[in-house]
Each structure stands twice: as C-alpha cells, then as structure tokens.
Amino acid sequence: MTAAYPNTRMRRSRAHAWSRSMHRQNVLAPSDLVWPLFATEGKGVEEPVATLPGVSRWSVDNVAKRAREAVDLGIPCIALFPNTPPNLRSPDGKEALDPDNLMCRAVRAVRDACGNDIGILTDVALDPYTTHGQDGVLDKRGYVGNDDTVAILVDQAINQAEAGADIIAPSDMMDGRVRSIRMALEMAGHVNVQIMSYAAKYASAFYGPFRDAVGSGDFLEGDKKTYQMDPANGDEAMREIALDIAEGADSVMVKPGLPYLDIVRRAYERFDVPVFAYQVSGEYAMIEAAAAAGGGSRDALVLESLMAFKRAGCTGVLTYHAAHAARLLHG
C-alpha cells in the first residue's frame with residue numbers, strides 16, 4: 001500500500017468532532033495567555049481607550065479587580081502598564097524610580113488582592129515617564145543614550161521588584177540592559193524574579209493604540225528606529241535573542257506578533273528557552289475592526305489568531321483579548 005488515494009483519505013480523521021479533538025496537534029488554554037492592563041490615577045475609574053475598543057485604563061483598585069478576574073479565568077499572569085500623568089513626566093523619566101508611583105501602587109494592590117495566585121509582569125522602559133516619549137534619556141543631539149539609560153532602567157527594575165513584581169520585562173531595546181538588570185536583581189536578593197526580555201522588538205506601525213493608552217503618543221518626538229529593530233531584518237533578531245539569553249533572560253519575547261511569526265518560529269527552533277509573543281494593540285484593533293465591519297466572527301478571529309501563535313511555537317501570548325479568549329475556552 002502507498003500513501004495515496006483511496007488508501008489514504010486525509011478527511012477520515014476530520015469526519016467527527018471527537019476525532020478532530022483527538023488528532024489536534026496544538027491546544028490553546030487560558031494558561032497560555034498574559035493579560036495586559038493599563039493603570040491610571042484615581043479611584044473607581046474606568047477610562048475606555050478610543051483606539052482600542054473594549055480596552056480601558058483602570059484605577060489601581062480596579063486593576064486589582066481585573067487581576068482577581070484573571071485568576072478566576074485561569075489566566076496565570078497580568079502585564080501592567082502605567083498612564084503617568086503629564087505633570088509627573090520629565091526628560092529623564094525620574095518618576096519611574098518613585099517607590100510610590102502608579103506602577104508600584106498597582107503591583108502592591110494586585111498582590112494584596114490575589115496573593116501569589118497570579119504572576120505580575122512589569123514593563124521596564126522610560127517612555128511612560130518621559131516628556132519626549134522615548135524609551136530612554138536623550139543626549140544633546142536628541143539621540144537616546146544607551147548606557148545612561150541602562151543605569152536608570154536598572155533602578156527602575158529594582159523599584160518594581162521591591163514592590164512585588166514577579167517578572168521584569170525590559171521593553172526598551174537598549175544594549176546590555178538584561179545583564180545589568182540580572183546582576184542588580186541578584187545583588188538585591190531578588191533571585192527568583194524572572195526577566196522576560198523584549199528581545200526582538202521591531203520599530204512597528206502596529207503600536208499606535210498602545211501609545212494612546214499609556215499617554216505617550218502625544219509626547220513622542222521623532223521615532224524609535226535607532227533602538228527598535230528594522231522590520232526587514234530576521235537574522236538580527238536571532239543575534240538579539242542570543243545575547244539576551246546569554247545575559248540572563250529567563251524567557252524572550254517577539255513583538256509584534258502575527259506579522260513576525262517567522263521570527264517566533266526561528267526562535268522556537270533555535271533556542272532552548274520559552275518564547276512569548278505580544279499580540280500588540282494594532283493587531284487587536286484590526287480584529288475588532290474586522291468583526292465590527294462584518295468581516296468575520298469576532299470569537300473565531302480571536303481564537304484562530306491565538307492558535308497561530310501556539311502553532312508557531314509560542315509558550316504564551318500577551319493579548320488584550322485574554323479575558324474574552326479565556327471565557328470562550330471555558331465554553
């Protein structure tokens with residue numbers, strides 16, 4: 001017998017739901033999801049983000065409630081991002097180092113509400129804190145200085161770890177920051193605090209709604225192409241990932257997600273560490289817009305796009321659809 005029709009009928013295993021389930025190669029579960037949440041000042045506040053339908057900024061008390069919701073849905077981790085008030089922003093982003101800043105208060109509130117039932121991932125970068133919207137400090141030429149920025153990022157990471165963060169996620173793309181943060185965490189006794197490095201973060205057009213959510217879009221001067229990666233480059237991403245692993249990253253991230261699944265797959269096949277992807281704000285907004293225009297079922301679009309990450313090799317996905325997807329997966 002040869003593997004040819006009719007000896008082989010590929011549709012045999014697809015004929016019944018039980019058989020399709022039995023032969024399914026990849027499985028998507030709530031435990032594969034990380035839910036990004038935006039924190040803002042006030043109490044009892046929910047501020048819808050106009051460019052992200054269904055996504056809001058939450059006051060610290062409501063962030064804690066969303067975290068409790070995540071626990072109930074089986075989502076293992078949330079990712080926190082602050083919408084720092086304009087009066088607290090500065091050229092050097094010094095608000096990032098305040099132990100009572102919005103991020104640290106949100107971390108403590110989640111820990112008080114959820115204990116150790118959920119992981120807390122915190123973003124390390126200066127763009128939510130600077131008056132110019134860049135991820136680091138500027139020199140006289142307007143160039144983002146690498147080493148001066150790294151020194152601040154280290155202090156920011158320690159500040160977040162002291163507040164109770166479980167995973168430090170440097171999203172700045174400065175050279176050498178993972179090594180410096182890892183050494184500082186070790187010296188400060190935070191030996192079990194993980195680093196999930198934004199190892200391959202591209203200078204993408206898909207970030208616009210996120211910048212609206214954290215309030216940095218109106219502040220941004222210029223672009224970020226001197227430190228975020230050129231979308232044309234794939235081999236460079238492998239070098240970036242290899243460096244971050246060597247410097248002490250426990251896991252790595254590719255950002256954005258769906259437009260860079262080739263990078264996810266290459267990283268999965270090449271490196272023996274967990275690979276995550278961030279389904280970024282522009283991707284989320286496109287799915288919502290397509291569903292609203294009648295271009296497809298929202299539920300089906302959400303689950304199919306998330307399954308693509310799993311099929312490519314992702315250990316997990318940061319997605320604004322996390323809570324909705326978890327509810328769908330629970331039936």
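The residues in the stretch 233-275 that are touching a Gly at 6+ places or on another chain (Cβ under 7 Å) and either crowded, with 24+ Cβ neighbours inside 10 Å or at pLDDT below 95 (or both) can be counted, and the count is 3.
Just to be sure before I move on: is Leu126 at pLDDT 95 or above, assigned to a strand (DSSP E or B) and crowded, with 21+ Cβ neighbours inside 10 Å in the structure I sent?
Values: at pLDDT 95 or above: yes; assigned to a strand (DSSP E or B): no; crowded, with 21+ Cβ neighbours inside 10 Å: yes.
No; evaluated as a whole, the condition is false for this residue.
Selection of the stretch 75-101 for residues being under 18 Å from the mean Cα position of the chain (by Cα) and farther than 14 Å from Ser216 by Cα yields Ile75, Pro76, Cys77, Ile78, Ala79, Leu80. With respect to the conditions (1) within 19 Å of the chain's Cα centre (by Cα); (2) closer than 30 Å to His330 by Cα, Ala113 falls short on a single one, namely (1). Scanning the stretch 295-322 for residues that are surrounded by fewer than 20 Cβ atoms within 10 Å (Cβ to Cβ) and over 15 Å from Asn26 (Cβ atoms) yields Gly295, Gly296, Ser297, Arg298, Asp299, Ala300, Leu301. Taken over the stretch 278-313, the residue count meeting the criterion of being within 29 Å of Gly215 (Cβ to Cβ) and not in a helix (DSSP H, G or I) is 4.
Thr2 meets the stated requirement of being free of Cβ contacts under 8 Å to residues at least 12 places away in the same chain and β-branched (Val, Ile, Thr).
For the stretch 69-90, the set of residues classified as assigned to a helix (DSSP H, G or I) and either closer than 16 Å to Ser31 by Cβ or of a type in the set (Val, Ile, Thr) (or both) consists of Glu69, Ala70, Val71, Asp72, Leu73, listed by residue number. Mind listing just one residue for me: the one in the stretch 15-68 that is assigned to a loop (DSSP other than H, G, I, E, B), touching a residue at least 24 places away in the same chain (Cβ under 8 Å) and touching an Asp or Glu at 6+ places or on another chain (Cβ under 8 Å) and, of those, surrounded by the fewest Cβ atoms within 10 Å (Cβ to Cβ)? Taking the candidates together, the pick is Ala50.
The values are calculated or read from the model by the stated rules, or taken from the named source; none is laboratory data. Since we're looking at a predicted model, the values are computed, not measured. We place every Cβ from the backbone using ideal geometry, glycine too, and count neighbours over all the protein chains shown.
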